[in-house]
Amino acid sequence: MAFLADALSRVKPSATIAVSQKARELKTQGRDVIGLGAGEPDFDTPDNVKNAAIDAINRGETKYTPVSGIQPLREAIAAKFKRENNLDYDWKQTIVATGGKQILFNAMMATLNPGDEVVIPSPYWVSYPEMVSICGGTPVFAETSIDNGFKLTPDALEKAITPKTKWLIMNSPSNPSGAAYTEAELKALADVLMAHPHVWVLTDDMYEHLTYGDFKFFTIAEVEPKLYDRTLTMNGVSKAYAMTGWRIGYAAGPIELIKAMDMIQGQQTSGACSIAQWAAVEALNGPQDFITKNKAIFQGRRDLVVSMLNQAKGINCPVPEGAFYVYPSCAELIGKTAPSGKVIETDEDFVSELLEVEGVAVVHGSAFGLGPNFRISYATSEELLEEACNRIQRFTASLK
């Protein structure tokens, strides 16, 4: 009898975490490595948020909290959804968890039975299909393409839905592509969903505040209110508020689903860190002006990276609407030979040789379900990004 659970055979390690770890290991060996794999802002948490955490400690807010989160935070979440997304939720329809990952896991664990299908547009965040598999469901991939901006089309969604479909997972702006859906694009997808009332929507809006230019963010239950009763709207403080290590994710949805997720969490971790919750109250209720400043910095970095990558031989890099990633194609370089003599047969070969030859760590696109591409996180300084792109240009020029 095997000791480890069969579920582990259905799960792969996180490629993004693996790349970051590999970059750290090479740095400790003295290699000059620029790591562009991590999905976290390089900005510090705002001072008012840090001070709120310190005040909470000094007040003695150091005890267990309710499983679904402290009431002031849940009220702040409901107020945020009303203020920014035109969504009316009672605070009891919200839940707080230890990061967005736990929200997703709770939702899947609370709803999936063996054979249930979850539609996931590709490219996708690496954890979506693994969570579905761990929870006994079957991920079904609806492929996008660089030609349509890596966005799910109504036709592709329609073809992916079957009588077994339980969820559609939406992520806008997207990790890894940075693609974000317009109001009209969301309405077209909502029209398909309205014809399939058994399909629920989990919308991951973690990068909501990181959109650029004139792009206006919408979430699907806002665009189509008739989907309200079968939508779980998820968000968190990690990206926009530079609070990745605080580990606070949240969601709102139908009360019966929230109660089921509360029960799962109650037997798993109970409430999230009390201090981090009080910090998140200040993040949501406090000044928001720094978000605009950070967005301007990110947009400058995006424009720099897109421009320099499109000057690299054989690279095609579209301009993403949001997040802090680009997802360029390296299709023209497949079949080329690296200076080491290695033939570039896959995008994984490309990123491996790039790391070995030039010390630039990026993530291969096939890990996100669509290649030959690679993902770059531009959540680092312009100086490092410019140097990394120079190295990529040098590497692609060396391929024969």
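The values are calculated or read from the model by the stated rules, or taken from the named source; none is laboratory data. Just so we're clear, the structure is a prediction, and the values are computed from it rather than from any experiment. Glycine also receives a Cβ, built like all others from the backbone with ideal geometry; neighbour counts cover every protein chain displayed. Side chains included, ligands, DNA and RNA excluded: accessible areas come from the protein's heavy atoms. Shrake-Rupley method; radii C 1.70, N 1.55, O 1.52, S 1.80 Å.
As a size descriptor, the averaged projected area of the C-alpha convex hull of the chain was calculated at 20.8 nm².
Full extension of the chain segment joining Asp6 with Ile255 gains 86.4 nm, where the gain is 0.36 nm per residue of separation less the Cα-Cα distance. Taking the charge dipole of the chain about its Cα centre, with +1 at Lys and Arg Cβ atoms and -1 at Asp and Glu Cβ atoms, the residue from Leu152, Ala2, Met131 reaching farthest to the positive side is Ala2. Atom-type composition of the exposed protein surface of the chain places 53 percent of the accessible area on carbon and sulfur (1.4 angstrom probe). For Val363, nonlocal amide neighbours, meaning residues 5 or more places apart or on other chains whose placed amide H falls under 5 Å from its own, are Arg375.
A Förster distance of 41 Å, applied to the separation of the beta-carbon atoms of Thr269 and Glu143, puts the FRET efficiency at 0.75. Karplus-derived 3J(HN,Hα) values for the stretch 234-246, using 6.51 cos²θ - 1.76 cosθ + 1.60 with θ = phi - 60°, are 10, 7, x, 9, 4, 8, 5, 9, 6, 10, 4, x, 6 Hz; glycine and proline are entered as x.
Summary value for the chain: 22 percent relative contact order, contacts being C-alpha pairs under 8 angstrom separated by 6+ residues. Each residue of the stretch 73-87 is assigned a 3J(HN,Hα), and the resulting list reads 6, 5, 5, 5, 5, 4, 5, 4, 4, 5, 5, 9, 10, 6, 10 Hz, derived from the Karplus form 6.51 cos²θ - 1.76 cosθ + 1.60 (θ = phi - 60°), x at Gly and Pro.
When the surface is traced with a 1.4 Å probe over the full set of protein chains, Leu87 keeps roughly 10 Å² accessible.
Amide H contacts for Ser122 (H built 1.01 Å from N in the peptide plane; partners 5 or more residues away or on another chain; cut-off under 5 Å): Ala142, Glu143, Thr144.
Dipole magnitude for the stretch 99-249: about 400 debye, using +1 per Lys or Arg Cβ and -1 per Asp or Glu Cβ, origin at the Cα centre.
Dipole check for the chain: with +1 at the C-beta of Lys and Arg, -1 at the C-beta of Asp and Glu, and the Cα centre as origin, the magnitude is about 560 Debye. Computed about the Cα centre, the dipole magnitude for the stretch 315-400 is approximately 220 debye when only Lys and Arg (+1) and Asp and Glu (-1) carry charge, each at its Cβ. Can you tell me the orientation of helix 274-285 relative to the chain, as the angle in degrees between its alpha-carbon axis and the longest Cα principal axis, to the nearest 10? Once rounded, the angle reads 90 degrees. Of all DSSP beta bridges confined to the stretch 116-240, the antiparallel ones make up roughly 0%.
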